[in-house]
Amino acid sequence: METPQTLIEVSMKWHSIALVGLIGLAVVLNLATAESYLLSNTGLANYVNAAQGFSAQRSVKLIQAAAWFHQARALKSSNAGAYRGLGFIAWFDGRDAEAFGEWQNISTTVHDYIVFGQHAANRETSLRWYTLAERLEPANPELWMEIGQLCQYKLTDAVCERFLAFNRGNWLVDAEFAFDRAAWRFNRREGADYAITECPDLSDKKCALVEIYEVTSPHGTGWYQCLVLTPGRRYRFSAWVKTETVEQWIPVYYQGSVGGVPDGYSLGGIQTGFQDWVYWEREFEAPEFDDHRACFHPVRLLAVGRTWFHSAALSAVE
């Protein structure tokens, strides 16, 4: 089984009272939750030893588990497992601020909260984890990359407005590729390569590169991000693009579906041939797409050749 990264880096040798606390939490949660908790805090080896007999004890009440954790902490005030367990009990009960307080007693980091958000069961739960991370480091770039990707699904929360403020109004996440390709997707095609690399002639910039060496689709390929638009609202889509091909390519292209049928818009028109760095910017009124969702391609390459882009942006026109 592949295990998630740990919430806290812990020793492989636990004090015996900490194991009592772990069992206290595990038996009151479903087995999958207990397994996830143990895997992320003790490592697989400790889990195998500690998990024996859990399934027969799952009806133990939550208050008993909390009592065991309190007793563990009373016996050893530095018992990280006790703070961790009490934090999870508060978390599963919806008392996020209390959980945060318990976890900060054991120096939980922003990255710890981000990892748990990445492994959450749904976007709403991820946002709970990221909100705790924001309390620690409100200007953490990795955190806002994760939040931005959630907000592209149009979560109605004030945190999305804070994301836009941090990202200077740009709905496209990590436009400068600080986290490589983490925020970007591409149309995987045979006969094409995709990479995040240094921009040609711009040593201080990172670019997304697409290179086609064999055409296997008439629709071309490119990097993109998808998000929900407000129908009828005006937006501005832009990017810096450089292309090396003797054939066709499309700058600032976006596409959604209408009645299940793909519907694309070539804002920059279909271009042909080589072109050095050019800044493309176009405004448009959002159509009524299925689920109001569209995918934005700073450039699509349609034939054999190479293309790069950087600094892509999508913003609402006020």
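For the stretch 143-153, indicate whether the set of residues that are small (G, A, S) and exposed (fewer than 15 other Cβ atoms within 10 Å of the Cβ) is non-empty. No, the stretch 143-153 contains no residue that is small (G, A, S) and exposed (fewer than 15 other Cβ atoms within 10 Å of the Cβ). Number of residues in the stretch 124-162 that are over 13 Å from the mean Cα position of the chain (by Cα) and assigned to a helix (DSSP H, G or I): the value is 12. Within the set E214, E244, the sole residue that is among the acidic types (D, E), crowded, with 16+ Cβ neighbours inside 10 Å and either at pLDDT 95 or above or in contact with a Gly (Cβ under 7 Å, 6 or more places away or on another chain) (or both) turns out to be E244. Taking the conditions exactly as written (under 12 Å from the mean Cα position of the chain (by Cα), more than 28 Å from D291 (Cβ to Cβ) and not assigned by TED's automatic domain parsing to the domain that holds R300), does V115 satisfy them or not? In short, yes.
Of all the listed residues (R73, R84, R95), the sole one being loosely packed, with under 15 Cβ neighbours inside 10 Å, basic (K, R) and either out of contact with any Ser or Thr (no Cβ under 6 Å at 6 or more places or on another chain) or without any contact (Cβ under 8 Å) to a residue 12 or more places away in the chain (or both) is R95. Per this entry, Y194 is not counted among residues that are closer than 28 Å to P287 by Cα and of a type in the set (S, T, Y).
Looking only at the stretch 217-232, decide whether some residue is touching a residue at least 40 places away in the same chain (Cβ under 8 Å), over 22 Å from A286 (Cβ atoms) and of a type in the set (S, T, Y). Within the stretch 217-232 (the criterion being touching a residue at least 40 places away in the same chain (Cβ under 8 Å), over 22 Å from A286 (Cβ atoms) and of a type in the set (S, T, Y)), the answer is yes, since at least one residue qualifies.
Where residues in the stretch 163-176 are assigned to a helix (DSSP H, G or I) and of a type in the set (A, V, I, L, M), which of them is farthest from L127 (Cα to Cα)? Among residues in the stretch 163-176 that are assigned to a helix (DSSP H, G or I) and of a type in the set (A, V, I, L, M), the one farthest from L127 (Cα to Cα) is A165. Cβ separations smaller than 8 Å between residues 6+ apart or across chains give the following pairs from the stretch 252-264 residues that are closer than 18 Å to R282 by Cα and assigned by TED's automatic domain parsing to the domain that holds D291 to residues that are β-branched (V, I, T) and crowded, with 18+ Cβ neighbours inside 10 Å: V252/V299; Y253/V299. Every residue in the stretch 75-123 that is over 28 Å from F179 (Cβ atoms) and outside any helix (DSSP H, G or I), please. Listed by number, the residues that qualify are K76, S77, S78, N79, D93, G94, R95, N105. Scanning the stretch 116-135 for residues that are among the hydrophobic types (A, V, I, L, M, F, W, C) and modelled with pLDDT under 90 returns a single hit, A121. Can you confirm whether D193 is closer than 15 Å to G305 by Cβ and outside any helix (DSSP H, G or I)? When the stated conditions are applied, D193 passes them.
Considering (1) among the charged types (D, E, K, R); (2) in the same structural domain as F100 (by TED's automatic domain parsing); (3) farther than 26 Å from D112 by Cα, the lone condition that E198 does not fulfil carries the number (2). Which members of the stretch 154-172 meet the condition of being closer than 28 Å to Q104 by Cβ and crowded, with 20+ Cβ neighbours inside 10 Å? The answer is F163, N167.
Scanning the stretch 256-281 for residues that are of a type in the set (S, T, N, Q) and out of contact with any Phe, Trp or Tyr (no Cβ under 7 Å at 6 or more places or on another chain) gives T272, Q275.
The values are calculated or read from the model by the stated rules, or taken from the named source; none is laboratory data. This is a predicted model, so every value here is computed, not measured. Every residue, glycine among them, receives a Cβ derived from its backbone with ideal geometry; neighbour counts consider all protein chains shown.
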